[in-house]
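The values are calculated or read from the model by the stated rules, or taken from the named source; none is laboratory data. Treat the numbers as computed from the prediction; the structure is a model and nothing was measured. Heads up, the Cβs are rebuilt from the backbone with ideal geometry, glycines too, and the neighbour counts pull from every protein chain shown. Just so you know, the surface numbers come from the protein's heavy atoms only, side chains and all, with ligands and any DNA or RNA stripped out. Shrake-Rupley method; radii C 1.70, N 1.55, O 1.52, S 1.80 Å.
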Amino acid sequence: MMKTKAWIFSGLMFAMPLLSCSSTSTDTCSGSACGSGTDGGAGGTVLRLSRPDKLDVLFAIDNSASMGDKQAYLGRTIPDLVKRLVTPNCVDPNSSQVLGVSDAQGNCAKGHLEFPPVHDMHIGVVSSALGNRGGDICPDPGFPVAVGGGQLDPHNDDHGHLLNRTLTTTPHDAWGTQPDAVENLLAWFPSSSKANAGKAPTPGTKPLSDAKVLQSDLASLVTGVGAYGCGIESQLESWYRFLIQPDPYQRIDTSSGKAVWQGVDTTILTQRRVFLRPDSTVAVIVLTDENDSEIDVRSDGQMSHRFMSRSWYPPHATSGCGTFASPTPGRADCMSCANGDHSSDPQCKAKPSDTSVLTYSARTDWGYDMNLRHVHMKQKYGFDAQFPISRYVAGLTSTSVPNRDGEYPAGAAHYVGQPNCKNPLFAAELPDGSSTDPNLLCHLPDGPRTPGDVFYLIIGGVPQELVHFRANDRAASTITASDWTRILGKDPENLDYTGIDPHMIESVQPRGGLPGPSSPNTADPISGREWITDQGKDAGQGGHTQDVDLQYACIFPLVDAQGTSVARDCTLADNLPTCDCPRTAGALTPAQTPPLCSGDGTMQTHAKAYPSVREILLAKELNEQGIVSSICPIDVVKPADDDTNPDPLYGYRPAVTSLVDRMMGAPTGTCLSEDPPRNTDGTVACTVLALLPAGQACDSTHGFAAADADTVSKYRSQQQASGATQSDLARPICALRQLSGAELVDASCEQSSEAGWCYVSRADLPTQRCSQAIHVSTTATAPLGARVTVQCQKAL
C-alpha cells in the first residue's frame with residue numbers, strides 16, 4: 001500500500017539531449033533501459049529532447065594479419081550506414097513498416113521519415129597499431145611485407161592518428177591516399193540541403209555532397225587500413241588516445257629501465273580539433289577479431305613495458321591465483337612469483353631455468369607467448385598490466401578524465417585515474433596543438449555534448465547466436481542480463497565465468513561442451529570444432545603459424561559477395577602474412593590443424609574470431625549507449641536483387657542497423673525503471689525540469705514555464721549538495737508542460753502539435769521497447785547547453 005510520496009532529486013545529471021539515466025539514483029533505470037554516466041551534478045533521469053543533426057563517426061579498425069577479410073565486409077557494408085543516415089527510411093506511422101526510402105531532401109512519397117536525415121557528418125579512421133610501446137616488437141618502420149608482387153610498409157605504429165591510406169595499386173608496392181579526405185577525414189555537408197542553408201562546413205575540410213562518392217571514399221579508407229600491422233593490438237587505446245587523452249604522449253622512453261611518457265603528440269591535438277565538433281553526436285565503431293591486447297606500460301612501477309619484449313619472460317603467479325579451471329585471483333595470496341620469496345610454490349618453479357633459449361614446451365606456455373600475454377593476466381602473473389575498463393567507460397561518459405599525471409600521481413605503482421582534467425569529448429573548444437602547456441590542455445570550457453550523445457559499437461568476436469539480431473525484430477537485438485552472463489560470465493573482471501557460453505572462453509585447451517579435436521570441421525556450426533592449439537610451427541616443418549593459439553569464438557567461410565570461394569593457399573609466399581593454416585602438407589595432424597583449413601590442411605577456407613572480452617565488457621558497462629554485434633556475418637552472400645530487396649543479415653548490416661536504430665530511431669524521452677503514481681486525470685506524478693544556460697528565459701512556445709518555488713528550492717538544495725558553483729545555482733529552472741488526453745496522438749505525444757511531454761506504458765503502446773517511458777513532442781526544444789531531467793514521485 002502506498003503510504004506517502006516523495007520527490008526523487010538524487011543521482012546524476014547531464015546536459016541534454018540524452019537517452020540515459022543515473023547510475024546511482026534511488027530511482028534508477030535497469031538493464032537495457034538505462035544509460036550509464038559518471039558525471040556529477042544534480043537531477044534525476046535525463047531526457048532526450050531531439051535527435052542529432054550532426055554526427056562525428058570514428059572507426060577504430062584492427063589492422064593485424066587476420067583482419068583483411070573482415071575489413072572487406074565492412075567496406076561492402078559502409079554504403080548501408082551512409083545511405084541510412086542521409087536518406088532515412090519512410091515508414092508507416094502506425095505499424096512502423098518500411099514503405100521506401102526518402103529522397104535527398106528528406107521527402108517521403110509514402111509514410112513519414114523514421115528520423116531527420118543527417119546533413120552534417122565527419123568520418124575518420126584510426127587503426128589498432130600503436131607500435132612497440134617501449135618493447136622490442138612491432139618496430140616502426142617495420143620490415144617490408146611481400147604482398148601481390150610488391151613490398152609494403154606494414155604500418156606497425158599508426159600513433160592513434162586519423163588515417164588517409166588506400167591500397168589500390170598493383171603490384172602492391174605503395175600505399176595511396178584518398179584526395180577527398182582533407183585533414184584525414186571525410187566531411188559530408190551537401191550545400192544543396194535545406195538543413196544546411198546559412199550554415200558553413202568545418203573550416204579546412206572538403207565538404208562532400210554526393211552520397212555515392214562518400215560511400216566509395218569511406219570504403220576505400222576502411223580497406224586501406226590494411227592487415228599487416230602490429231599483432232599486439234590496441235583496440236580500445238587507439239580511439240581513447242585520439243578522442244579522450246588530454247595530453248597524448250609523443251613517445252615512450254625506457255632508457256632508465258622504466259617506461260616514461262614524454263612529449264605531447266600535437267598531430268592528435270590538431271586532428272582532434274578538426275574532427276570533433278562540440279555539439280555533435282559521436283559514434284565509436286570498433287572492428288576487431290580478438291581481445292584488447294594493450295598493455296599499460298607504466299603499471300607495476302613503470303616496468304610493464306617488458307610485457308612487450310620477446311627477450312623478457314614474465315614470472316608466473318603464485319598458486320593462490322588458482323588454475324585455469326578454477327581461477328582465484330581475488331585471494332590475498334594471489335600475487336606474482338617475483339614479489340617476495342615463493343621458492344616453495346610449485347607455480348613459481350615452473351619458469352624455465354634458462355631464459356636465454358626457451359624450450360619448445362616453454363614457448364607454448366600462454367604465459368610467455370607474445371600474442372597471449374594479455375589474456376587472463378591476473379591468473380597467470382598475479383597482477384593485471386592492462387588499463388581498467390573503467391578508464392574507457394569514464395572516457396565515454398564522464399566530463400572529467402585524468403591526464404598522465406592524474407593516471408599516475410607521484411609514487412603510484414599502478415593506475416589510479418584521478419579525473420583532474422576536462423574530457424575533450426565534452427569540451428566546447430579544443431586545443432589546436434600550437435601549445436602543449438598542461439594547463440591549456442587540461443582546463444577546457446564546458447561543452448554541450450552529453451554522455452547520451454556518445455555511442456559505442458563493437459563488431460567483434462562473439463557468436464551471432466548470443467547477440468540475438470534478427471531482421472525486422474528490433475526487440476531481439478536487446479541483450480538481457482542472462483544474455484550478458486552467457487557472453488561474459490558472472491564477473492569477467494575477476495575471472496568468474498559462471499554461466500558463460502563455452503565459445504566465449506579464452507582457452508588454449510579444448511573447451512568442455514564443444515566438439516573435440518577429433519571431430520569433423522563442421523561438427524560445430526559456430527566455431528567448427530576444438531583443436532590442439534599448442535603444437536605450432538616448430539612441431540613440424542611448415543606447421544601452424546603460431547607456437548600456441550586460442551580456441552575460436554566463431555568462424556565463417558571465405559567467399560566474395562557473390563558466394564565464390566576466396567580461400568587462401570597457404571603454400572604461397574604472398575599469403576603467408578595472413579594465413580592461419582600450415583604452409584606444408586602433412587606438417588600437422590588433423591587434430592592439430594585449425595578448423596579453418598581443408599584438403600591437405602594448407603588451404604584456408606574460413607576466417608576466425610577470438611572472444612573480444614574487454615571490448616564487449618565496455619559495451620555492457622555503457623548500457624544503452626553500448627552496442628554489440630558479431631564479426632562473423634550471418635549471411636556472407638549478397639542476393640542478386642540486393643539493390644531492390646536488400647538482405648538485412650548480409651555482412652555487418654545487423655551492426656549498422658543496431659547502431660542507427662539506437663542513435664537515430666529511439667523516441668525522444670527516456671525509459672523509466674518503475675511505473676510512477678498516476679493522477680486522477682491520467683497524468684503521472686513526474687516533472688520535467690530544464691536547467692537553462694545563464695541569461696536564457698523559459699520559452700512558452702516550446703512548452704516551458706518557470707518552475708514552482710517548492711520544486712526550485714528542492715532542486716537548488718540538490719545542486720548545492722552536488723557541489724554546484726554559484727554560477728550554476730543562478731541559472732534559470734523551467735518546467736516542461738505535461739500532455740494528456742486529446743493532446744496525444746496514437747497514445748503518444750511525439751507527433752502532437754502541442755509542446756510538452758507525456759507518459760506512455762506498453763499497455764498504451766504495445767510496440768514500445770520499454771515497459772514505461774517518457775515521450776517528448778517534437779516541438780518541445782530547449783536551448784543548446786540546457787540540462788533537462790525528469791523527477792518522479794515514488795512510494796516510500
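Side notes on the structure shown:
- Summing Cβ point charges (Lys, Arg +1; Asp, Glu -1) relative to the Cα centre of region 627-734 gives a dipole of roughly 480 debye.
- By accessible area with a 1.4 Å probe, ligands and nucleic acids excluded, highest first: order of Arg273, Arg662: Arg273, Arg662
- Scanning residues 5 or more positions from Leu672 or on other chains, those with amide H under 5 Å from its amide H are Gln772, Ala773, Ile774, with H placed 1.01 Å from N in the peptide plane.
- Mean ellipticity per residue at 222 nm, deg cm²/dmol - from DSSP H runs of n ≥ 4 across the chain, formula -39500 (n - 2.57): -4000 deg cm²/dmol
- Only Lys, Arg (+1) and Asp, Glu (-1) charged, at Cβ; region 120-265 dipole about Cα centre in debye: 380
- Taking amide hydrogens as placed 1.01 Å from N in the peptide plane, the amide H of Gly100 sits under 5 Å from those of Cys90, each at least 5 positions away in sequence or on another chain.
- Note that the chain presents 38 Å² accessible area per residue, ligands and nucleic acids not counted, probe 1.4 Å.
- The chain - share of DSSP beta bridges that are antiparallel (%, nearest 5): 70
- Peptide ranges 193-205, 246-258 listed from the most packed, as the mean C-beta count within 10 angstrom indicates: 246-258, 193-205
- Ranked by the mean number of other Cβ atoms within 10 Å of their residues, highest first, the peptides 216-225, 132-141 fall in the order 216-225, 132-141.
- Helix 68-86 vs. the chain, principal-axis angle (Cα, 0 to 90°, nearest 10): 10
- Charge tally around Tyr650: other residues with Cβ under 10 Å, Lys/Arg +1 each, Asp/Glu -1 each, net -1.
- Violating pairs (Cα-Cα greater than 23 angstrom) within the set Lys83/Lys638; Lys54/Lys110; Lys258/Lys349; Lys54/Lys212; Lys422/Lys714: Lys54/Lys110; Lys258/Lys349; Lys422/Lys714
- Dipole magnitude of the chain about its Cα centre (Cβ charges: Lys, Arg +1; Asp, Glu -1), debye to nearest 20: 1140
- Each peptide among 678-688, 58-68 gets the average number of other Cβ atoms lying within 10 Å of its residues, and from highest to lowest they stand as 58-68, 678-688.
- Charge dipole (the chain, unit charges on Cβ, about Cα centre) - positive-most of Val284, Gln178, Pro525: Val284
- Accessible carbon and sulfur surface of region 243-306 relative to its total accessible area, %, 1.4 Å: 43
- Charge dipole of the chain about the Cα centre (unit charges at C-beta), most positive-ward option of His155, Tyr368, Asn403: Asn403
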